[in-house]
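What follows is a set of notes on a single structure, which appears directly below.
The values are calculated or read from the model by the stated rules, or taken from the named source; none is laboratory data. Given the structure is predicted, the values throughout are model-derived calculations rather than measurements. Cβ: placed from backbone, ideal geometry, glycine included. Neighbour counts: every protein chain shown. Quick note on the areas: whole protein, heavy atoms, side chains included, nothing else; ligands and nucleic acids left out. Shrake-Rupley method; radii C 1.70, N 1.55, O 1.52, S 1.80 Å.
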Amino acid sequence: MPKRLASSLSDEVLEHVFSFIQSEKDRNVVSAVCKSWYEIERWCRRKIFVGNCYAVSPEMVIRRFPQVRSIELKGKPHFADFNLVPDGWGGYVLPWITEMAGAYPWLDEIRLKRMVVTDESLELIAKSFKDFKVLVLASCEGFSTDGLAAIAASCKNLRELDLRESEVDDSSVHWLSHFPETYTSMVSLNISCLGSGEVSFSALERLVSRCPNLRSLKLNRAVPLDKTANILRLAPQLVEFSACTYSAELRSDVFSNLAGAFSNCKELRSLSGFWDVVPDYLPAIYSVCSRLTSLNLSYATILSPDLIKLVSHCPSLQRLLVLDYIEDSGLEALASNCKDLQELRVFPSDPFDAEPNASLTEQGLVAVSLGCPKLQSVLYFCRRMSNAALVTIAQNRPNLNRFRLCIIEPNTADYLTGEPFDVGFGAIVEHCKDLIRLSLSGLLTDCVFEYIGKYAKKLEMLSVAFAGDSDLGLHHVLSGCESLRKLEIRDCPFGDKALLTNAAKLETMQSLWMSSCSVSFEACKLLSQKMPRLNVEVIDERGPPDSRPENCTVDKLYIYRSVAGPRFDMPPFVWTKDEDLALRLSP
Amino acid sequence: MSEASSYLAETELELGLGLSIGGPTGKINKASGRILTAKDFPVPRRASMNGGTPPSVTVSGTKRAADQSVPHDGGSPTATSQVVGWPPIRSYRMNSLVNNNQAKAPRAEEEHKGINEEEEEEEEDKAIKDGSKQKKPNENLGHIGFIKVNMDGIRIGRKVDLNAHSSYHSLASALENMFLRSAGAEKQQLTMPSKLLDGSSEFVLTYEDKEGDWMLVGDVPWMMFLTSVRRLRIMKTSELRDSTKGTELKEVN
C-alpha cells in the first residue's frame with residue numbers, strides 16, 4: 001500500500017472502521033495489509049477463535065492480542081466424540097485460564113469445546129474476571145457441581161451458562177442455590193446434561209422467576225411435567241425451551257396445565273428435549289407449533305403417525321432433528337409441509353441392530369431433497385442407499401453445504417446394483433459446489449476420492465471410514481481439495497506414500513486424523529523431521545511404536561500444524577519423534 | 001429382575017461385518033485388519049433382536065484380527081462384534097438412548113413424589129401393548145454404557161463401555177490391557193485367565209454399586225452386576241486388606 005494512502009487515515013479512524021469488521025477471517029486479512037494496520041488491528045481485536053488449542057500457546061495469543069474480551073477454544077479431535085481418543089490425551093484448559101487471568105481482566109466470554117475443564121479452572125474463572133458474562137462448555141469433562149457453584153456464586157453479571165453435552169460429576173452441592181438472591185441477569189441456561197440429583201427444582205424456579213431476560217432455558221431430564229408447566233408459566237418470554245415430558249399416562253389436569261403454559265409463550269421458536277415423551281401429551285404444544293423454527297425430537301421415542309401429526313402443525317420449521325422412527329412416510333410429510341426446512345438430522349434409534357426397526361430408507365431423504373428447496377444441511381443415518389438416489393439428491397439440491405451420510409453397516413454396496421457409491425458421492429460433490437462438509441460411508445473405491453479431489457474445491461471438512469483401495473485415494477484428496485482444513489480417516493488402506501508426498505499440504509490444514517490405517521512409525525518420524533511446524537502425534541496404547549517390527553503400522557495418528565511447538569502435557573500413550581522424556585511433564 | 005432374564009434370551013446376532021448386503025458383488029471387505037471378528041473373543045457375542053444392545057468393543061488400542069477376515073457370502077449370520085466408535089454416534093446420545101428406561105428408576109427417589117410404582121408398571125404395560133406392531137423403542141435392556149475406572153496410583157481415570165463385554169473375563173482383560181500394559185502379544189492376553197479376578201495379582205478389581213457400597217467384582221452374576229455397578233476401581237490388594245470401609249467384601253469365587 002502506498003505510504004501516502006496509509007497515513008491519510010489516523011489510527012483512531014482506522015480503529016473505528018475495524019470495529020465494524022467482526023468476522024475473524026476478515027480481521028486476519030485486514031491485519032495482513034501492512035505493518036501499521038497489523039498493529040492497529042491487534043490492539044482492537046476483541047474476539048479470538050482457536051480451532052485447535054495446541055496450535056498456538058496462550059502466551060503467544062496474549063502477546064499479539066492484548067485486549068481480548070472473548071475467546072473460543074477447541075481441544076480434542078472430532079473423533080473423540082466416538083471414543084476413539086483415549087482418556088487423558090489432553091485438551092486441558094487450565095493453562096489458558098491461568099495465563100488469561102493475569103492478562104485479560106476484562107475477559108467476559110469463554111467458549112470451550114471438547115476440553116478438559118477442572119473445578120480449579122472454573123474457580124479461577126469465577127475469581128479472575130470481574131464482568132464475566134458467557135460460559136459455554138460443549139462436550140467438556142473433568143468438572144463437578146463444585147465448580148459450577150463457584151461460577152454461580154461469583155459471576156454477578158453472568159448471562160449465559162451452557163453445559164451442552166458435557167460430563168459433570170455430581171459433588172452433591174446444590175450449586176443452583178449459589179446464585180445469590182440479587183442475581184437476575186440470566187439470559188441463557190442449558191443444564192440438559194445434568195443428572196437428576198444435580199438440580200434442585202425450588203432453586204430453579206426461584207432463579208427463573210427473578211430473571212426477566214431469560215430467553216433460552218434447557219432443563220435436564222428429571223423435571224416432571226407439572227414442574228415443567230410451572231416453569232413455563234414463570235418465563236412466558238422464552239424463545240428456546242428444552243424439557244423432559246415424562247409422564248405415565250395422560251392426566252387431563254396435567255395436560256391442560258401444560259397446554260395453557262405453552263399457549264402463553266408467544267415468543268417460543270425452538271423446542272427440544274422430549275425424553276420419554278408420551279404421544280398423548282404432544283397436542284399440548286400445538287399452540288406454539290406454527291411459530292416453531294427448530295425442533296429437536298432426537299431423544300423422543302415417538303413413532304411415525306404421531307410425528308407426522310406433529311410436523312404437519314409446523315409449517316415454519318427450519319431445523320429438524322429426529323430419530324428414524326419418522327420413517328419415509330414421515331419425511332414425505334415433512335417435505336410437503338415444511339418448505340422452509342434448512343437442516344435435517346435423522347439419527348438411528350437402534351444403531352446396533354442389523355435389522356432396521358423403522359421403515360427409513362433412502363426414499364425419505366430423496367423426498368426431502370425434492371420438497372424442501374432451502375435444504376442445506378443433512379445428517380442422515382440409514383441402512384440402505386443407492387447411487388441413483390444420491391444422484392437425484394445432488395441434482396435436486398445443489399445448494400447443499402453440509403452432507404453427512406452414514407450407512408450403518410460398513411462397506412454396504414448400492415442395494416439396487418451392488419456397485420460402490422463412487423458415482424453417487426461424485427454427483428454430490430460435482431453438483432453441490434458450495435459443499436463445505438462431507439462424510440462418506442458405504443462401499444467406496446479410490447474413484448470417489450478422485451471425484452472429491454476434482455470437484456470439492458470448497459470442502460473444508462471430510463470424514464472417511466472403511467473406504468478406498470490404496471494410497472491413491474488419500475493422494476487425490478490431499479492434492480485436490482484446496483480448501484481442506486480437517487480430514488479424519490479411519491479404517492482405510494492409506495499409508496506412507498500419500499502422506500509423505502503431500503507433506504506440505506498438511507501445513508495448510510488444521511489437522512489430519514488417521515486411525516486403523518496403514519501408516520508406519522518410520523513415516524511419522526520422517527514427516528515430523530521434514531515438517532517442523534507440524535506436530536505428529538502417534539496414539540498407541542500397545543507400547544512404544546519403536547519396539548515393534550518395522551512393518552507394523554501405528555494405531556492412531558493425529559497431525560496438526562502448530563506455531564507453539566510440541567506440547568508438554570502428552571500422556572504416556574502418545575508418541576512423537578522426540579525421545580526427550582522432559583516432554584512428558586504432568587499437565 | 002425381569003430385565004436380567006431377558007438378557008438370557010439368546011438370539012442370533014445378524015450383524016455381519018464385511019458382508020456385502022443385498023449385493024451380488026462379492027466384494028471383499030477392504031478395510032484393514034482392525035475389524036474384530038468372533039475369532040478374537042472366546043465367547044461368541046449374541047444379542048437380543050428386541051433392541052438389546054450388542055456390544056461395541058471399546059478396548060482402547062484396537063486389536064488386529066490375526067488375518068484379513070474372509071467374509072461369508074450373504075445369508076447366514078455369524079457372531080461378529082462391533083467396531084469401536086461405529087456407527088459414529090456421540091457417547092452423549094448413545095448413553096441417552098440406552099438410559100431411556102433406566103432413567104425412570106432413580107427418579108423415583110427424587111422430588112418426583114407424584115409418580116408411584118403403580119404408574120410405572122402401567123407405563124410398562126402400555127409399552128408392551130403399543131409395541132406389538134413395531135419393536136417398542138423403550139424396550140431397552142438398561143445398559144449403562146460407559147463407566148469410570150480408576151486405578152490406585154494412576155492419576156488419570158479411564159472409561160470402559162460395559163456394553164462391550166458379556167463376561168467378567170472379557171471386562172478384566174480389557175482393563176488389564178488399559179492399565180497394566182504388558183509387552184506380550186495382545187492375543188495371548190485375551191485367552192489367559194485374568195489375574196485381576198483370581199486374586200493372584202497385586203491388584204484387585206472392585207466396584208461401587210447403586211447404594212454406594214464397594215464390592216469385589218465377580219461375586220454376583222454378570223447381569224446383576226451390570227444393573228448395579230456405578231464405577232470401578234482397581235485397588236491395591238494390600239489396601240484391600242487394610243481397608244476400614246466397613247463394607248463386606250465378598251470373596252471371589
Is one or more of the residues making up region B:136-146 among the hydrophobic types (A, V, I, L, M, F, W, C), under 30 Å from A:L323 (Cβ atoms), at pLDDT 50 or above and in contact with a His (Cβ under 8 Å, 6 or more places away or on another chain)? no
Region A:126-147, residues that are touching a helix residue (DSSP H, G or I) at 6+ places or on another chain (Cβ under 6 Å) and either of a type in the set (V, I, T) or surrounded by 22 or more Cβ atoms within 10 Å (Cβ to Cβ) (or both): A:F143, A:T145, A:G147
Kindly indicate the residue of region A:506-533 that is in contact with a Ser or Thr (Cβ under 7 Å, 6 or more places away or on another chain) and away from chain B (no Cβ under 14 Å) and also surrounded by the fewest Cβ atoms within 10 Å (Cβ to Cβ) among those meeting that condition. A:R533
Got at least one residue in region A:236-251 being in contact (Cβ under 8 Å) with a residue 12 or more places away in the chain, more than 19 Å from A:R215 (Cβ to Cβ) and part of a helix (DSSP H, G or I)? no
If you scan region A:109-124, which residues turn out to be surrounded by 21 or more Cβ atoms within 10 Å (Cβ to Cβ) and out of contact with any helix residue (DSSP H, G or I) (no Cβ under 6 Å at 6 or more places or on another chain)? A:I110, A:L112, A:K113, A:M115, A:V116, A:V117
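In region A:66-79, which residues are open to solvent by less than 20 Å² (accessible area, probe 1.4 Å) and either out of contact with any Cys (no Cβ under 6 Å at 6 or more places or on another chain) or within 12 Å of chain B (Cβ to nearest Cβ) (or both)?
If the condition is that a residue be open to solvent by less than 20 Å² (accessible area, probe 1.4 Å) and either out of contact with any Cys (no Cβ under 6 Å at 6 or more places or on another chain) or within 12 Å of chain B (Cβ to nearest Cβ) (or both), then A:V68, A:S70, A:I71, A:P77, A:F79 are the ones that fit.
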Taking A:V168 and the conditions (1) among the β-branched types (V, I, T); (2) open to solvent by less than 10 Å² (accessible area, probe 1.4 Å); (3) within 29 Å of B:R90 (Cα to Cα), which numbered condition does it fall short on, given that it satisfies the others? (2)
Collect the residues in region A:334-366 that are away from chain B (no Cβ under 14 Å) and either in contact with a Ser or Thr (Cβ under 6 Å, 6 or more places away or on another chain) or open to solvent by 20 Å² or more (accessible area, probe 1.4 Å) (or both), keeping them in residue-number order. A:S336, A:N337, A:K339, A:D340, A:Q342, A:E343, A:Q363, A:V366
Is it fair to say A:V448 is in a strand (DSSP E or B), open to solvent by less than 20 Å² (accessible area, probe 1.4 Å), modelled with pLDDT of 95 or more and under 15 Å from A:N411 (Cβ atoms)? no
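Please verify whether region A:265-275 includes one or more residues that are within 14 Å of chain B (Cβ to nearest Cβ) and of a type in the set (D, E, K, R).
no
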Is it true that A:F466 is at positive phi, in contact with a Pro (Cβ under 8 Å, 6 or more places away or on another chain), within 13 Å of chain B (Cβ to nearest Cβ) and not small (G, A, S)? yes
Give just the number: which of (1) assigned to a loop (DSSP other than H, G, I, E, B); (2) under 19 Å from the mean Cα position of the chain (by Cα) does A:V68 not satisfy? (2)
Does A:D328 satisfy being more than 26 Å from the chain's Cα centre (by Cα) and farther than 17 Å from A:K339 by Cβ? yes
Identify the residue in region A:395-411 that is assigned to a loop (DSSP other than H, G, I, E, B) and among the polar types (S, T, N, Q) and, among all such residues, is least open to solvent (accessible area, probe 1.4 Å). A:N411
For region A:386-394, state whether one or more residues are within 13 Å of another protein chain (Cβ to nearest Cβ), at pLDDT 95 or above and assigned to a helix (DSSP H, G or I). yes
Hits in region A:256-275 - residues which are closer than 25 Å to A:C193 by Cβ and assigned to a helix (DSSP H, G or I): A:L258, A:A261, A:F262
Matching residues, region A:297-317, being surrounded by fewer than 19 Cβ atoms within 10 Å (Cβ to Cβ) and farther than 20 Å from A:P356 by Cβ: A:K309, A:S312, A:H313, A:P315, A:S316
In this structure, is A:V85 in contact (Cβ under 8 Å) with a residue 24 or more places away in the chain and within 14 Å of chain B (Cβ to nearest Cβ)? yes
Which of the strands (runs of 3 or more DSSP E) contained wholly in region A:314-383 include at least 2 residues that are touching a strand residue (DSSP E or B) at 6+ places or on another chain (Cβ under 6 Å), under 23 Å from B:I89 (Cβ atoms) and among the small types (G, A, S)? none
Say we look at region A:473-494 and pick out the residues that are farther than 20 Å from A:P77 by Cβ and within 13 Å of chain B (Cβ to nearest Cβ); which of these is most open to solvent (accessible area, probe 1.4 Å)? A:P493
Scan (1) open to solvent by less than 50 Å² (accessible area, probe 1.4 Å); (2) over 20 Å from A:A467 (Cα atoms); (3) more than 14 Å from every other protein chain (Cβ to nearest Cβ) for the single condition A:P373 breaks and write down its number. (1)
Output the residues belonging to region A:412-442 that are within 13 Å of chain B (Cβ to nearest Cβ) and either under 20 Å from A:Q363 (Cβ atoms) or open to solvent by less than 10 Å² (accessible area, probe 1.4 Å) (or both). A:T412, A:A413, A:D414, A:Y415, A:L416, A:T417, A:G418, A:E419, A:F421, A:L440, A:S441, A:G442
